[in-house]
Structures are given as structure tokens and as C-alpha cells.
Amino acid sequence: MSDRAVRIAVLCPSEIAKRRFMPALAKVEGAEFVGIGCATPEERAVGASSVGPDAAERADRQLAAAQEFAREFGGRVWTSFEALLADPAVDALYIPLPPALHYPWAKRALLAGKHVLMEKPFSMDAAQASELIALSDERGLAVHENYMFAFHSQIDYLQRQLAEGTVGDVRCIRVDFGFPFRGGSDFRYSKDMGGGALLDCGGYTLKLASMLLGPAAKVTAASMGYGRGFEVDLFGSATLEGEDGAVVQVAFGMDNDYRCDVDVWGSAATLRSHRILTAPDGFAPIFELSSNGQVQTISLEADDSFKRSIEHFLRCIADDGVAARQREEILRQAALVDDFLQAATSK
């Protein structure tokens, strides 16, 4: 890649692309937004069992949304994904599609020579992730999974406190992430679209557990729960252990009272935060350090994790070493999700 800006297009005008990605991208040096793609009715069926009867109507709505997206943020509109992929004026893609569509469109993007910034989860399972990672490595293309919370400075703070022994010897860590029911039309509750709590909020908890336990983290017990008549899991929990015997317990759900907590219980103190995975741009995180009834509040500076995640993607494009480490992280996350499923379904 030359010194010119990386030309990034967005594959579909999703809510997160408009609300989070574009404001963050505007702050990033070395990147240029060049346009938005929308799918044809046939492309919308990729990854699904068939073309639905309302496919044309949905495609028309997406085209209108893409045109509005371009009016707000600039860039051009491609009226098919394939036309976007074939355009040499695009270096990289941000893919914020539902999870079931990640693998087919990332594969097409990589075959077309585009770097891929994938909204989480990177894929539906480890087999898909392995194929995409091998393809990106073979073609010298960068891939990045957008668990943006991992780039927030509060994660650096948390890891530093653990390393420095602020809580003493760590006895147990809990990570909880759940939110209320969002309505049956949301893709998260659709099996065809790759829905389910594990691939959505559950992935966050496994990712943070892995970051805290290290690369040897493994799932030792897991469970999944269903309800409301949906074919996807609505909540779950797991225990993960590290190489040194450290334990992280996680719980998640998308039919829950809202919670987004980390709780580190040590021999000397407890360290907590209540927005560890979802801190928006401009939000100043707060940690509570308590010891035998004495509570200290620590306020941190605000940060923009989405901006930092995009910057990491650019480093992956520019540096083969960074790109290789990112591929390893993606594979490790996909393996943890598979391990969760095996542990939860083998009872």
C-alpha cells in the first residue's frame, strides 16, 4: 500500500455504519470514505435459504437508505455488491451485515483483492474463520474483527491493575453483558441471519475473558438458554480457565435486564466497572475499587474505541506483522465460540 489514504467503502447502509463507523472514520488520518453499496434482491439472498417474496421491496428500501447515506456522508452509491467489489477505486471494505452473510461476502471481497474490516462476529464458526484467514494470508490482505471495546483505554487500565496486583491475588473475574428484548424483527433473533446471543453479546464476554486470561484460555463449562419461541439462543453462561488456573465466569443475554459489567474479586480488593464493553465516544468510564467496605471511585478519560479499532485496521494493512497477529486473534476467538458450543451441547 502506498502513502495515499486507504479508500474504504461500506457494504450496506446499516445502523451501526451510520451511527458509529462513519463518525469515527471521519476522525481517522490515512483513510478515505469512497462510497456505500447496496444489494440486489439476488445478493440479499446470499447465505439465506431462498429469495423471499419481499426481496425486491427490501432491496428498494436499502437503495433509498444508501442514497440517503451518501447524501449525509458523501461518496458514491453502488447499486450492487458485486459492482462495488469490482471497482478498483476501493481498497478496503467495512462489512456490517448480519452474521450469516459475513463469510460469503468476506470471501468475495478477499477474492476481489479488498482488505476487510468485519463487524463482529468475524464468522459463524471456526471453519469459516480458518478459510477466510487462509485466503487473506495467501493474498496478502488484512482482516480485522471489530470488537471495538478491546481498543478502549479502559481495557488497558483494567489489565494494568491486574498486572500490578491492585486487588491482590485474583480469586475470580465475572463479565456480564445483556440487554432487553429488541423485537422479533431484529436479525439477532433470526436463525437464517446468524442470530443468537452467543454470536452477539456472548462473543464480547468471551473476547474479554480471553484478553484477561491470555491465549491459553479455554471453556471448561457452558450453558445456553432459549425462549419466546425463537430458534436461536437468548442467553448463556460459561466458565473459562487460564493456564495458571485463573477463572473468568461470563454471562450474557438478549432478553435480559441491561448489564455490562466486569467484577474482579481479589484477596485484597474488588475492582468493578459498569460499561466495560459498550462505552460510546465521549463517555468517561468509572471504576470502583472497594476493600472491606472502603470504596474509591476512579474516573478515566473518555476515549473513542471505534476510531482506535479503525486505526488498528490501517496498521494491519500497513504492517504484515500486525496483520499476522490479528489473524491469530480472530482464529482464537472463533475457536472459543466453537468450544462454548461444544461444552454447552455435550451435556
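No value in this document is a laboratory result; all are computed from the given coordinates. The model shown is predicted, which means the values in this text are computed figures rather than measured ones. Cβ sites come from the backbone with ideal geometry, for glycine too, and all protein chains shown count toward neighbours.
Go through segment 152-166 residue by residue and turn each phi into a ³J(HN,Hα) via Karplus (6.51, -1.76, 1.60, θ = phi - 60°); whole Hz please, and just put x for glycine and proline.
Values, residue by residue: 6, 4, 5, 5, 4, 4, 4, 5, 5, 5, 5, 5, 8, x, 4 Hz.
Tally Lys and Arg at +1 and Asp and Glu at -1 over the other residues with C-beta under 10 Å from the C-beta of L132: what net charge comes out?
Working: positive: K107, R327; negative: E131, D137.
Taking every Cβ under 10 Å from that of L132, the sum is 0.
Quick check: pseudo-label points 7 Å beyond the Cα along Cα→Cβ at R61 and D244, how many nm apart are they?
5.1
Quick one: net charge of F235's neighbours, Cβ under 13 Å, K/R +1, D/E -1?
Net charge around F235: -2.
State the antiparallel share, in %, of DSSP beta bridges confined to the chain, rounding to the nearest 5. Kindly include the intermediate steps, with their values, before the conclusion.
Details: 36 of 62 bridges.
Taking every DSSP beta bridge within the chain, about 60 percent pair in antiparallel fashion.
Under a plain spin-label model, where a point goes 7 Å from the Cα along Cα-to-Cβ, how far apart in nm are D281 and A5?
Placing both labels 7 Å along Cα→Cβ, they lie 1.5 nm apart.
Can you list which of the trypsin sites (Lys or Arg not before Pro) found in segment 3-92 are DSSP loop residues with at most 12 other C-beta atoms within 10 Å? Each step should come with its number before you reach the end.
Values: sites: R4, R7, K18, R19, R20, K27, R44, R58, R61, R71, R76; in loops: R4, K27.
Loop-located and lightly packed - R4.
Taking only C-alpha pairs under 8 Å that are 6+ residues apart, what is the relative contact order of the chain in percent? Can you show the working numbers first?
Details: 723 pairs, mean separation 61.1, N = 347.
Relative contact order for the chain comes out at 18 percent.
What residues have an amide H closer than 5 Å to that of V34, excluding those fewer than 5 places away on the same chain, when H is modeled at 1.01 Å from N in the peptide plane?
I8, A9
Scan the chain and hand back the longest stretch that contains none of the GluC sites (Glu not before Pro) lying in DSSP loops with at most 16 other Cβ atoms within 10 Å. Please report the intermediate quantities before stating the final value.
Working: sites that count: E29, E231, E243, E301.
Longest stretch, sites excluded: 30-230.
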